[in-house]
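**Student:** First the structure, which I've put down as structure tokens, then a few questions once you've had a look.
The values are calculated or read from the model by the stated rules, or taken from the named source; none is laboratory data. The structure presented is a predicted model; accordingly, all values stated were derived computationally and were not measured. Glycine also receives a Cβ, built like all others from the backbone with ideal geometry; neighbour counts cover every protein chain displayed. Each accessible area value is taken on the protein alone, full model and side chains, heavy atoms only, with ligands, DNA and RNA left out. Shrake-Rupley method; radii C 1.70, N 1.55, O 1.52, S 1.80 Å.
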Amino acid sequence: MLKSYMADLHIHTCLSPCGSLEMTPQKIVSQALNKKLDIIGICDHNSAENLFAIMNVGEKNNLLVIPGMEICSSEEVHALALFKELESALEMQTIVYENLEGKNDPDIFGMQVIGNENDEVEGFVDKLLIGAVDLSIDELVNKIHKLGGLAVASHIDRESYSIIGQLGFIPGYLKFDALEISPNLNYDESRKQFSEYSDYSLIKNSDAHFLRDIGKCTTEFFIEQPSFEEIKKAFSRIDGRKVIIN
């Protein structure tokens, strides 16, 4: 039997250089529960260092945390990589780190904090996470899929760091699993603006960098239970499963 579950699949932590230092594992999970969310996705820029802690906090509080990343391709296109298991996300991180140049300057870009389950600082990431990896968007999508993940084009209605903003269109050979729109558009506007991409499921997330923004925008999943596999089926509209945005 299909039920309704609310999700926000694009949330940053204090690891992202543009993320607030308040975005710690305990506080993120607490805010998600306050917003009545059933599923969240953690997608820091080009890194998965904080996934272990926040997934553990989520599990203890009966909140499904999907491990992910927001990766910036060589064309400066942002894409969400969502995975079933932490190990796959960490494998993706290894690939990203091998293709990511530069060292972070916290005075310019912000601190990149690794936190533990108790919201204590464990360390810092020195890599320039705000940068772009030396992999094309085509290569990234293929690598995400090889690791069993889902590839979602980030905020396609934005002029900067989106597939359409950077390339002008979505090439047919790019097999995205879904397209994300920003909080700036509602469903009717997005379907009208992107009518040529009607074969894709559209999702809407907060892209939260601050606690107050978690759950500001959500996607409603009609699925059997909160799980990665059910989300995957909903993206493909299998057996009545679907996604709905406002």
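**Student:** For 162, 227, give me the order by solvent-accessible area with a 1.4 Å probe, most accessible first, ignoring ligands, DNA and RNA.
**Tutor:** Per-residue accessible area, sorted high to low, gives 227, 162.
**Student:** Is there a pair in 27/232; 27/204; 84/146 whose C-alpha atoms are over 19 Å apart, and which pairs would that be?
**Tutor:** Pairs exceeding 19 Å: 27/232; 27/204.
**Student:** Hey, another quick one. Share of the stretch 1-152's accessible area from carbon and sulfur, percent, 1.4 Å?
**Tutor:** Solvent-exposed carbon and sulfur of the stretch 1-152 make up 47 percent of the total.
**Student:** Where a ≥ b ≥ c are the square roots of the eigenvalues of the C-alpha gyration tensor, would you call the stretch 19-66 rounded, which needs a/c under 1.5, or, failing that, prolate if a/b is larger than b/c, or oblate?
**Tutor:** Because a/c hits 1.5 or more and a/b exceeds b/c, the stretch 19-66 counts as prolate.
**Student:** Step through the residues of the stretch 227-238 one at a time and calculate ³J(HN,Hα) from phi using the Karplus curve (6.51 cos²θ - 1.76 cosθ + 1.60, θ = phi - 60°), rounding each to whole Hz and writing x for Gly and Pro.
**Tutor:** 7, 4, 4, 5, 4, 4, 5, 5, 4, 8, 6, 8
**Student:** Same structure again: Using DSSP to call loops (not H, G, I, E or B), can you name the GluC sites (Glu not before Pro) in the stretch 27-113 whose Cβ has at most 16 other Cβ atoms within 10 angstrom?
**Tutor:** 75, 76, 85, 101
**Student:** In addition: Using just the C-alpha positions of the stretch 1-153 as equal point scatterers, what log10 of I(q)/I(0) does the Debye formula give at each q in 0.08, 0.20, 0.21 1/Å?
**Tutor:** -0.21, -1.24, -1.34
**Student:** Taking the Cα centre as origin and putting +1 on Lys and Arg beta-carbons and -1 on Asp and Glu beta-carbons, what dipole magnitude results for the stretch 49-92, to the nearest 20 debye?
**Tutor:** 260 debye
**Student:** Along its principal axes, what span do the Cα atoms of the stretch 76-173 show, with the longest given first and each in whole Å?
**Tutor:** Taking the Cα atoms of the stretch 76-173, the three principal extents are 44, 32, 23 Å.
**Student:** For the stretch 93-169 and the stretch 25-81, what is the centre-to-centre distance using only Cα atoms, to the nearest Å?
**Tutor:** One Cα centre to the other: 13 Å.
**Student:** Next question, about the same structure. Name the residues whose placed amide hydrogens come within less than 5 Å of the amide hydrogen of residue 205, ignoring near sequence neighbours (fewer than 5 apart) on the same chain.
**Tutor:** Amide H neighbours of residue 205: 181.
**Student:** I've got another one for you. What is the sum of charges, Lys and Arg at +1 and Asp and Glu at -1, for the other residues whose Cβ falls under 12 Å from the Cβ of residue 22?
**Tutor:** Neighbour charge sum, excluding residue 22 itself: 0.
**Student:** Across the chain, where is the longest run that never hits chymotrypsin sites (Phe, Trp or Tyr not before Pro) in a DSSP loop with at most 10 other C-beta atoms within 10 Å?
**Tutor:** It works out to 1-168.
**Student:** Based on the alpha-carbon gyration tensor of the stretch 107-246 and its eigenvalue square roots a ≥ b ≥ c, which shape applies: rounded if a/c is under 1.5, prolate if not and a/b is larger than b/c, or oblate?
**Tutor:** Prolate is the answer for the stretch 107-246, as a/c is 1.5 or above and a/b outweighs b/c.
**Student:** Another one. With unit charges on the beta carbon (Lys/Arg positive, Asp/Glu negative), name the residue among 83, 6, 72 whose Cα is farthest towards the positive pole of the charge dipole of the stretch 3-84.
**Tutor:** Working it through, the farthest residue towards the positive pole turns out to be 6.
**Student:** To the nearest 10 square angstrom, how much accessible area does residue 78 have with a 1.4 angstrom probe?
**Tutor:** 20 Å²
**Student:** Could you list the residues of the stretch 15-41 with an amide nitrogen less than 13 Å from a label point located 7 Å from the Cα of residue 122 in the Cα-to-C-beta direction?
**Tutor:** 15, 25-26
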